[in-house]
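Report on the structure given below.
The values are calculated or read from the model by the stated rules, or taken from the named source; none is laboratory data. None of these values were measured; they are calculated from a predicted model. Glycine gets a Cβ as well: all are built from the backbone with ideal geometry, and neighbour counts include every protein chain shown. Heads up: the accessible areas ignore ligands, DNA and RNA and are worked out on the full protein's heavy atoms, side chains in. Shrake-Rupley method; radii C 1.70, N 1.55, O 1.52, S 1.80 Å.
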Amino acid sequence: MTTIGLVVFGLVSLLALMSLLPPLAARLRLPYSVLLAVVGFILGAVVSLRPDQVIPSPMLHDIFDALGSVEISSEAFILIFLPTLLFEVALAIDVRRLIDDIAPVLTMAVVAVVICALTVGVALATASPFGLVACLLLGSIVATTDPAAVVGIFREVGVPKRLTTLVEGESLLNDAAAIALFTLLLEMQLSGGEGSIGGTIFRFLESFGGGALAGLILARAACALFPFLGGWPRAEITLTIALAYLSFVVPEHYFHVSGVVSCVTAGLVLGSTGKTRMSAHTFEQMEAVWSQLGFWANSLIFLLAAMFVPRIMEGTSLTEIGFILLVFLATLAARAITVFALLPLLTRAGLMQRINNRIKTVIVWGGLRGAVSLALALAVIENAAVPAPVRDFIATSVTGFVLMTLFINGITLRPLVNFFRLNRLNPVARGVRDRAKLMTLTDVAGELNDIARTEGVDREIADAALSGLEARLGVARARSHRGVELMADEMVKVGLTVAAAFEVERCFALLNGRIVDRRIAEMLLREAQHVREAVRASGRKGYIAAAERGLGFNPGIRFALWLQRRLRIERPLADALADRFEFLMMQRRVLSGLVPFSRDRLQPLIGEEAAAEIIGLTARRIEAVERSLLALKLQYPAYAAALQRQYLGRIARQRESAAYESLAANLVVSGEVERELKAELEQHWTGLDERCKLDPELSAVDLVGRVPIFRDLDIKRQQAIAHLLTPQLVLPDSVIVRRGEKGDAMYFVASGAVRVVVEPSVELGSGEFFGELALLTGHPRNADVVALGYCKLLALKARDFQRLLAQDAGLKARIEQVAQERLNVGERLSFG
Ligand code: CMP
């Protein structure tokens with residue numbers, strides 16, 4: 001066979017072998033990576049023995065030749081496998097959670113890498129003759145952890161998701177940090193140990209930060225391209241693969257910053273923003289493609305590296321075994337320092353939740369090392385510039401150490417988890433489980449009964465089947481009543497968590513049905529995710545607070561108001577208002593689905609009382625949203641109408657399109673007919689996705705015409721007055737004038753209403769004015785004036801006030817008369 005033929009043959013033989021391993025690992029209850037290492041190790045030993053020379057068979061001969069020829073160089077590993085490995089993990093991480101826990105994750109990742117490299121480095125440097133830099137280099141190689149084993153067990157055991165994210169995030173960033181450190185130390189080793197510590201740290205930070213920035217920019221660029229590739233899932237997925245590799249190569253090669261960090265960042269950004277840029281279906285497909293690629297990369301690299309092991313470990317001396325043990329102990333100590341000493345500090349600083357000691361022990365013990373460590377060691381071995389004794393030292397120590405973690409920690413991790421009883425569900429989870437079972441068994445029993453009756457199954461046979469179910473139902477019933485009352489609060493929290501997840505789902509459904517466009521969907525999602533996180537962190541209280549915060553005005557809208565008021569730039573305000581309008585409308589739709597969901601789906605799980613509480617909370621949220629919506633609608637009825645028209649149109653389009661899809665799926669119409677029907681549908685609704693424009697209606701001339709004291713003036717005069725007035729919009733509940741402040745302007749209410757906070761309070765509506773007293777008397781403002789809803793005001797500055805009054809005696813008299821009346825009321829108040 002030719003060389004390429006052999007490589008292909010070798011690779012596919014490995015793939016065939018790999019396909020058998022995941023089920024085998026599950027059956028043996030071993031972490032997959034441990035089994036891979038065992039199989040690779042055995043394969044390596046067998047290949048080096050060349051059994052084909054004993055049993056002459058051309059095919060066997062080719063197989064062993066082939067397996068011998070798929071050796072992997074460290075460069076191939078780094079350029080081919082590493083981007084995939086990193087990108088795949090990064091893509092799957094929940095970035096919001098990662099950001100919430102960024103302090104512990106970064107501590108675990110960056111600080112832990114430094115602690116590990118130092119502990120191992122110093123320990124080995126005192127015990128071996130190889131010098132500090134070489135020992136630190138080794139320390140950085142063994143600082144990368146492979147989370148697969150721990151994460152796998154955490155998932156099965158159902159530890160809080162936050163902890164899983166912590167371990168996943170840690171190992172991801174820690175690979176990045178360790179590789180960046182490794183690269184620098186290798187440079188130092190090659191330059192003969194030159195370079196200052198300060199310089200090294202600076203280079204490390206530069207490389208890390210630069211890499212992160214590069215990854216962010218590239219991923220953002222890719223995300224901006226997705227809308228153009230919409231409807232071509234294969235093209236979109238291809239772009240993600242290009243992104244993984246480009247984000248790795250370009251920064252590293254052309255900008256000399258960390259490609260690893262860049263690749264990880266790009267994966268994180270794509271995983272979080274990609275969801276709203278691609279259709280849900282494409283995103284799922286992409287995840288599937290990446291998980292497949294990740295599986296291949298991880299398995300191949302492990303097998304290939306493990307095949308190397310017998311050769312490296314051949315003739316290992318006792319001293320070398322001593323080094324391996326030392327590395328093992330030093331890394332364990334380093335990890336224990338991080339987890340037991342550093343994390344509690346973070347907890348005390350309020351940066352992370354408390355973790356109990358059993359889980360901490362599992363995290364320390366679960367620090368398995370894997371493919372990345374082996375490959376980095378390989379990079380040193382292949383580097384001819386590194387002195388041979390150092391190469392051997394690193395090769396045997398790292399390989400031996402990785403094997404130890406796999407065989408000792410990997411195999412004993414699960415027994416440890418069992419020993420600590422971490423695999424027992426907590427009482428609330430048990431409660432939910434029992435109720436889920438009860439609900440399901442009740443449904444199944446009912447259905448069996450129906451089928452037996454309608455399809456004439458013998459009564460005896462049906463009864464026999466039902467009695468088995470009944471027995472289980474009895475147990476489930478007894479269990480599900482136990483201790484539920486005690487947990488009502490917890491049940492509300494469980495229910496709210498599920499409800500919040502449902503909210504996120506509804507947002508995606510709206511996006512996919514093209515009922516909302518991406519911008520609004522992103523706002524809705526952000527809000528839904530905030531609520532979800534808040535529930536997780538502080539239950540019912542968190543839910544209420546987050547929901548309230550979600551309806552507040554964001555800094556964006558305040559900035560837009562400022563732009564309009566100060567610089568008369570209107571566009572951002574119009575857009576911000578339009579977005580808020582649409583957001584509230586869609587929010588109402590999302591929330592309205594929550595009530596039936598809680599009643600039909602949550603109630604059987606969490607009980608009537610808890611479900612009623614959730615329904616009550618949801619109703620309160622809906623009310624608040626409706627209030628906010630009404631306030632906007634009162635001010636902008638024309639826009640509200642346009643939005644409603646668009647909304648109904650989009651629903652009609654989605655329903656029609658779904659109906660055609662279902663007809664095609666049920667084979668009633670052919671794919672071709674479906675396409676034609678859909679094309680016609682799209683044509684009918686062209687323009688439906690265009691953004692409705694909101695006119696903030698803040699033209700001074702128009703507003704002046706609405707104020708009675710100006711209305712009867714001729715148009716020329718109105719225009720002259722308009723010139724002196726500044727139109728502005730104020731948000732509901734904002735304080736326009738504050739008691740005690742110096743007055744610099746007065747205001748005419750062109751539309752909306754305000755409340756003057758005096759005793760009893762006075763409401764002023766369209767056409768009335770306020771803020772004149774301070775200008776007339778020179779005294780400070782005598783009351784707070786608060787907007788009752790959205791109000792359009794015309795502000796008249798102090799200096800223009802004098803000018804206007806001088807020009808118009810009628811106006812002057814009118815304002816002074818009103819002011820006098822108000823002052824009298826005030827005096828009556830202050831004297832009475
Ligand atoms: P100024 O004192 O500049 O700021 C607060 C404003 O509230 C004040 O001007 C009046 O315009 C208004 N105000 C004060 N008291 C009353 C009142 N009793 N009735 C109506 N408006 C009032």
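What to note about this one:
- Those residues of region 714-753 whose amide nitrogen sits under 12 Å from the label point placed on L634, 7 Å along Cα→Cβ: 732-733, 751-753
- Here the dipole of the chain is about 2360 debye; that uses its Cα centre as origin and unit charges on the Cβ of Lys and Arg (positive) and Asp and Glu (negative).
- Pairwise centroid distance, computed over Cα atoms, of region 663-705 with region 321-352, Å: 58 Å
- Computed extension gain for R518 through R627, at 0.36 nm per residue and net of the alpha carbon distance, reaches 36.8 nm.
- Percent accessible area from carbon and sulfur atoms, region 561-606, protein chains only, probe 1.4 Å: 50 percent
- For the chain, accessible area per residue (1.4 Å probe, heavy atoms of protein chains only), Å²: 48 Å²
- Taking Cα atoms only, the orientation of helix 233-254 departs from the longest principal axis of the chain by about 70 degrees.
- Using distinct alpha-carbon pairs, which all enter the 1/r mean, Kirkwood radius of region 570-695 in Å: 17.4 Å
- With semi-axes defined as the square roots of five times the eigenvalues of the C-alpha gyration tensor, the equivalent ellipsoid of region 657-783 measures 55, 20, 11 Å, largest first.
- In region 43-131, one over the average inverse separation of all distinct C-alpha pairs is 18.0 Å, which is the Kirkwood hydrodynamic radius.
- Value of relative contact order over region 681-728, rounded to a whole percent, pairs C-alpha under 8 Å and six or more apart: 38 percent
- Value of D in µm² per second that Stokes-Einstein yields for the chain, Kirkwood Rh from Cα pairs, at 10 °C (1.306 mPa s): 49 µm²/s
- The relative contact order of the chain comes to 10 percent, based on Cα pairs under 8 Å that sit 6 or more residues apart.
- Put a plus charge on the Cβ of each Lys and Arg, a minus charge on the Cβ of each Asp and Glu, and nothing anywhere else: the dipole of region 601-748 about its Cα centre is then about 680 debye.
- Which of S128, N426, V380, positive extreme of dipole for the chain (C-beta unit charges): N426
- Helix 388-404 axis, angle to the chain major axis (alpha carbon atoms, nearest 10°): 70 degrees
- Relative packing of 515-524, 171-180, which averages over residues the other C-beta atoms within 10 Å, highest first: 171-180, 515-524
- Helix axis angle, 798-807 relative to the chain longest principal axis, alpha carbon, degrees: 30 degrees
- Calculated FRET efficiency, T412 to L79, Cβ-Cβ distance, R0 = 25 Å: about 0.10 to the nearest 0.05.
- Calculated FRET efficiency, R645 to R430, Cβ-Cβ distance, R0 = 51 Å: about 0.50 to the nearest 0.05.
- Over 27 Å apart at the Cα level, from the set K742/K812; K792/K812; K716/K812; K693/K716; K275/K437; K275/K360, are K693/K716; K275/K437; K275/K360.
- Each Lys or Arg adds one and each Asp or Glu subtracts one; over the other residues with Cβ under 10 Å from the Cβ of Y647, this totals +2.
- Dividing the helix sum by the residues of the chain, where each DSSP H run of 4 or more adds -39500 (n - 2.57), gives a mean residue ellipticity at 222 nm of -24500 deg cm²/dmol.
- Taking a ≥ b ≥ c as the square roots of the eigenvalues of the Cα gyration tensor, region 497-557 is classed as oblate, since a/c reaches at least 1.5 and a/b does not exceed b/c.
- Within region 213-293, all pairs of alpha-carbon atoms sorted by distance into 10 Å bins from zero give the percentages 21, 53, 24, 3.
- Region 277-416, relative contact order in percent, only Cα pairs under 8 angstrom and at least six apart counted: 33 percent
- Residue among A488, A501, V417 farthest towards the positive dipole end of region 415-509, charges placed on Cβ: V417
- Relative packing of peptides 570-577, 768-775 - highest average C-beta neighbours within 10 Å first: 768-775, 570-577
- Surrounding net charge for A795, when Lys and Arg each add one and Asp and Glu each subtract one, Cβ distance under 13 Å: +3
- Here is the P(r) of region 280-412: all C-alpha pair distances, binned every 5 Å from 0, give 2, 9, 14, 16, 15, 13, 13, 11, 6, 2, 1, 0 in whole percents.
- Full extension of the chain between K716 and R803 gives 29.6 nm of extra length, using 0.36 nm per residue less the Cα-Cα distance.
- Most tightly packed first, judged by the mean number of other beta-carbon atoms within 10 Å of their residues, the peptides 430-436, 354-360 read 430-436, 354-360.
- What you get for region 1-150, charging only the Cβ of Lys and Arg (+1) and of Asp and Glu (-1), is a dipole of about 320 debye around the Cα centre.
- Net length gained if the chain between M439 and Q292 were fully extended (0.36 nm per residue, minus Cα distance): 49.3 nm
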